[in-house]
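Before any comments, here is the structure.
The values are calculated or read from the model by the stated rules, or taken from the named source; none is laboratory data. What you see is a predicted model, and the numbers here were worked out from it, not measured in a lab. Here the Cβ positions follow ideal geometry from the backbone for every residue, glycine too, while neighbour counts run over all protein chains shown.
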Amino acid sequence: MALIEDICEWQTELQGWRQHIHAHPETAFEEVHTAAFVAEKLTSFGIDVHTGLATTGVVGTLTGAEAGPEIVLRADLDALNMTELNDIAHRSTHTGKMHACGHDGHTVMLLGAAKYLAHNRDFAGTVHFVFQPAEENEGGGRVMIEEGFFDQFPAAQVYGMHNWPALPAGEFAVHSGPVMASADRFIIKLSGRGGHGAMPHQSRDPIVAAAQIVTALQTVVSRNVAPVDSAVISVTRIQAGETFNVIPETAELWGTTRSFSEGVRATIMDRMNQVVKGIGDAFSLDVSLDYRPGYPATINTASEANLAATAAAEIVGTNRVHRGLPPTMGAEDFSYFLQERPGCYVWLGSGTSDDCPGLHHPYFDFNDAVLPVGASYWVQLVRTCLPIA
Ligand SMILES: [Zn+2]
Ligand SMILES: [Zn+2]
């Protein structure tokens, strides 16, 4: 490994920041104290600070020794609505909130890089250090884009990073193309005619139709999506009925869909509509499909993925940078940035053992040992993307 020496010397300081943020988790659009902490640090490094983006987002802008293109390095500020079970000195002090996705670590790794680059402006161009709110569920990244982020910060490339406990600490995974899936939600409502459980012919049973829909939806993946493409349709909630001998009037199905391309996503939406409507007609029920598009797929562009892999290899060595790992069906709102600009979202290995707690686990705690790895990668990435002539 060729970590940046100064950054390694800041281990205790960076760890202190990370554990402070971990102990004070804040969730979507309420990251007031975390944002103030970030803004205060950036200001102390001598970096121009912009606050209040998408409510609580912070952007620090730093210009290099020479002129050149502008790039975005992005971290996320938010925690999750869940209870931490760790018994550690820096455990959450906010009831029902927890940094279980490591965004506390992401924030500090980017702060570490900002601190270093502020004192070593050996790059040609401008770096925007983006600390976005509400990555979990609420799409803070989307809100920033809708507010006109790229008008204010006209970056040519965008880069993101997530810690990855399933990968050994200090390794990287860099994907060219899809790295995370789109994530949509749906609610299907069926309305028939209730009646006596012993006289089903007098009813129009929404439960039998709901069961048909659950089964038929699986054929969208197996018979409409091409076998070489990936897709998921999961019905995750079925609600109907109250007792043994009554056929209910209504039934409701909830679920999620995942895919890696807008084409597959459109096929899923289209076929779900047809299947739901067709089964509703066949069973003489009123049916509705409320399909709610969520985060799009996160898709890295090839040349920016190569730049990211080159930078990562400079820091940890080529043998610790994986280029061929499969993507996951999880989702990420950095996808909104990647819809606007070329870029790359990498996974930084943070695992300590094969069975260490994963992301969103109540015993998760960001692995502080990788703070200098992530911060060094960011610095090297800036040098790689914005080289001095
Ligand atoms: Zn998460
Ligand atoms: Zn996350």
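Taking the criterion of being farther than 25 Å from G330 by Cα and in contact (Cβ under 8 Å) with a residue 60 or more places away in the chain, the residues of the range 191-240 that qualify are S191, G192, R204, D205, P206, V208, A209, Q212. Cβ-Cβ distances below 6 Å connect the following pairs, each with a first residue in the range 116-141 that is free of Cβ contacts under 8 Å to residues at least 60 places away in the same chain, a second residue that is away from ligand 2 (no atom under 13 Å from the Cβ) and not polar (S, T, N, Q), and a separation of six or more residues or different chains: R121/G64; R121/A65. Answer yes if at least one residue in the range 141-153 is in contact with a Lys or Arg (Cβ under 7 Å, 6 or more places away or on another chain), modelled with pLDDT of 95 or more and within 14 Å of ligand 2 (Cβ to nearest atom), and no otherwise. No, the conditions are met nowhere in the range 141-153.
Within the range 10-26, does at least one residue satisfy the condition of being surrounded by 17 or more Cβ atoms within 10 Å (Cβ to Cβ) and in contact with a strand residue (DSSP E or B) (Cβ under 7 Å, 6 or more places away or on another chain)? There is at least one residue in the range 10-26 that is surrounded by 17 or more Cβ atoms within 10 Å (Cβ to Cβ) and in contact with a strand residue (DSSP E or B) (Cβ under 7 Å, 6 or more places away or on another chain).
Touching a Lys or Arg at 6+ places or on another chain (Cβ under 8 Å) and over 27 Å from A309 (Cα atoms), is that true of R185? It would help to see each step written out before you state the result.
Details: touching a Lys or Arg at 6+ places or on another chain (Cβ under 8 Å): yes; over 27 Å from A309 (Cα atoms): yes.
It is true that R185 is touching a Lys or Arg at 6+ places or on another chain (Cβ under 8 Å) and over 27 Å from A309 (Cα atoms).
Listed by first and then second residue, the pairs linking a residue in the range 353-381 that is buried (at least 23 other Cβ atoms within 10 Å of the Cβ) to a residue that is among the basic types (K, R), with Cβ atoms under 7 Å apart and 6 or more places separating them unless they lie on different chains, are F366/R18; L371/R18.
Among the residues of the range 87-97, is there at least one that is under 17 Å from G160 (Cβ atoms), within 16 Å of ligand 2 (Cβ to nearest atom) and more than 17 Å from the chain's Cα centre (by Cα)? So far as the range 87-97 goes, no, none of its residues is under 17 Å from G160 (Cβ atoms), within 16 Å of ligand 2 (Cβ to nearest atom) and more than 17 Å from the chain's Cα centre (by Cα). Picking from residues in the range 320-338 that are surrounded by fewer than 22 Cβ atoms within 10 Å (Cβ to Cβ) and charged (D, E, K, R), the one that is nearest to A134 (Cα to Cα) is R323. Annotation: K41 fulfils all but one of (1) away from ligand 2 (no atom under 16 Å from the Cβ); (2) among the basic types (K, R); (3) crowded, with 21+ Cβ neighbours inside 10 Å; the unmet one is (3). If the condition is being surrounded by fewer than 24 Cβ atoms within 10 Å (Cβ to Cβ) and in contact with a Ser or Thr (Cβ under 6 Å, 6 or more places away or on another chain), then the range 56-80 contributes T63, E70. Test A198 against the criterion of being small (G, A, S), in the same structural domain as S44 (by TED's automatic domain parsing) and over 20 Å from L77 (Cβ atoms), and give yes or no. No, not satisfied. Identification of helices (runs of 4 or more DSSP H) wholly contained in the range 293-389 with 1 or more residues that are over 20 Å from the mean Cα position of the chain (by Cα) yields 302-316, 371-385. Spot the failing condition for G16; the list is (1) assigned to a helix (DSSP H, G or I); (2) on the phi > 0 side of the Ramachandran plot, and only one is missed. The single condition G16 does not satisfy is (2). Evaluating G255 against the criteria (1) closer than 30 Å to V143 by Cα; (2) part of a helix (DSSP H, G or I) leaves one unmet condition, (2).
Restricting attention to the range 171-208, the residues being hydroxyl-bearing (S, T, Y) and over 29 Å from the mean Cα position of the chain (by Cα) number 2.
In the range 310-332, the residues that are within 27 Å of P296 (Cβ to Cβ) reach residues that are hydroxyl-bearing (S, T, Y) and within 16 Å of ligand 2 (Cβ to nearest atom) with C-beta atoms within less than 6 angstrom, at least six apart or across chains, in these pairs: A331/Y295; E332/T298.
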